[in-house]
Amino acid sequence: MSTFKRRGAVQIAEAANGLIDPVLQRKAGINTALIGSWDEIAGSDFADCTRPEKISWPRRNADRPGEAGGMEAGVLTIACEGARALFLAHAQGELIQRINGFFGFPAIRQIRIVQKPVNMHLRRRRGLRPLSASESTHLAELTAEIESEALRKALDRLGRGVYGSRRR
């Protein structure tokens with residue numbers, strides 16, 4: 001009898017996190033949960049101009065037997081854009097508390113700030129072209145019978161995004 005057990009459908013994010021987390025843990029000491037939750041942790045002031053790079057954990061000293069079981073807090077390296085690093089340096093006490101709250105234990109004792117571009121890899125979105133009269137009426141006809149106002153507005157935004165991204 002096989003020990004393989006079917007779990008059903010698995011989300012791509014779960015499968016990717018299962019593959020990426022061990023590599024990130026080994027190379028940078030962080031996980032995808034921290035990276036994925038960074039916008040909430042950093043807050044609106046720093047979410048767009050910062051990103052966590054790595055956590056440097058202190059080496060354990062085998063010479064001192066009394067410290068063998070404890071976990072020592074590490075140093076989080078954060079990439080920050082330009083002059084915003086000064087503001088981040090002033091707010092690092094609060095940020096350390098938020099990060100430790102995320103982990104649930106005092107994992108970070110210090111933040112090291114490295115100035116470098118953060119959003120360089122992101123492509124800028126092109127603006128959507130305005131819809132023609134026939135496209136607008138067709139979209140209105142498609143969503144006219146939907147009773148839920150919130151759903152109708154969401155589908156209207158989706159339709160405008162689809163129609164607006166196409167070339168004429």
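Rounded to the nearest 0.05, what FRET efficiency do Lys153 and Val75 have when you use their Cβ-Cβ distance and R0 = 35 Å?
Numbers: r = 46 Å, r/R0 = 1.32.
So, using R0 = 35 Å, E works out to roughly 0.15.
By count of other Cβ within 10 Å, fewest leading, how are Lys54, Lys116 ordered? Intermediate values should be presented prior to the final figure.
Values: Lys54 18, Lys116 12.
Lowest count first: Lys116, Lys54.
Please compute the length gained on full extension between Ser136 and Ala33, using 0.36 nm multiplied by the number of residues separating them and subtracting their Cα-Cα distance.
Numbers: separation 103, 0.36 × 103 = 37.08 nm, distance 4.06 nm.
Working it through step by step, the gained length comes to 33.0 nm.
All other residues with a Cβ under 14 Å from the Cβ of Glu145 taken together, and with Lys, Arg as +1 and Asp, Glu as -1, what is their net charge? The partial results should precede the final answer.
Details: positive: Arg152; negative: Glu141, Glu147, Glu149, Asp156.
Result for the neighbourhood of Glu145: -3.
Counting Lys and Arg as +1 and Asp and Glu as -1, what is the net charge of the other residues whose Cβ lies under 12 Å from the Cβ of His90?
-1
The numbers here are math on the coordinates, done by the rules we state, and not lab data. The model shown is predicted, which means the values in this text are computed figures rather than measured ones. Note: ideal-geometry Cβ built from the backbone for every residue, glycine included; neighbour counts use all protein chains shown.
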